[in-house]
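What follows is a single structure, written as structure tokens, with notes after it.
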Amino acid sequence: MSGWTLTSLNGTQEQVIARLDSRHSLAPQSFVVISNYPATQSRLVFDSLFQTSALSLPNTKLRLRLRNASGALMDEVDDGVGAPFAGANVSGSPKASMERIVLSGSGADKSNWRTATTARGFDPDAPMLGTPGYENGSVNMSSS
């Protein structure tokens, strides 16, 4: 997967969040975490594969894209219009991430996403719902 990129939408431009190279090895059906900071400076239990302080995911107009080394679109998340397909960022409540329901299903299909209801991979006292680096509670690992 050397040369593959993960991008986010910044206005109308895509910006690269992470680029895989020969230093990165990903096992099939593995989970990768990208974070702003190492575990010692965040709520994560373990360090992420990629750390970049340039990472900022918006609470509106989210769109993430995975492109292969040739630049072809391999997968995407959300539609880049309005609120993200799932997740929660409500004041006074735990923040909750988006979880993909069927990994082989389209990331551009809103019905294939849900709001996290469990916590794993965060510090014990972190008011966060999600499973960074782990399989979530609803995922169907079947793939084509």
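The values are calculated or read from the model by the stated rules, or taken from the named source; none is laboratory data. Here the structure is a predicted model, which means the values were calculated and not measured. All Cβ positions, even for glycine, are placed from backbone atoms using ideal geometry, and neighbour counts span all protein chains on display. All accessible areas refer to the heavy atoms of the entire protein, side chains included, with ligands and DNA or RNA removed. Shrake-Rupley method; radii C 1.70, N 1.55, O 1.52, S 1.80 Å.
Structure summary
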read-out: The stretch 9-68 - charge dipole about Cα centre, Lys and Arg +1 at Cβ, Asp and Glu -1, debye rounded to 20; value: 180 debye
read-out: Which of K61, K95 is most accessible, then next, and so on - probe 1.4 Å; value: K61, K95
read-out: Per-residue SASA entry for D125, accessible area with 1.4 Å probe, Å² rounded to 10; value: 130 Å²
read-out: Extension gain (nm, one decimal) between N68 and Q41, 0.36 nm per residue minus Cα-Cα; value: 6.6 nm
read-out: Global form of the stretch 42-112, assessed from the alpha-carbon gyration tensor, a/c cut-off 1.5; value: oblate
read-out: Cα gyration tensor shape of the chain, rounded if a/c is under 1.5, else prolate or oblate by comparing a/b with b/c; value: rounded
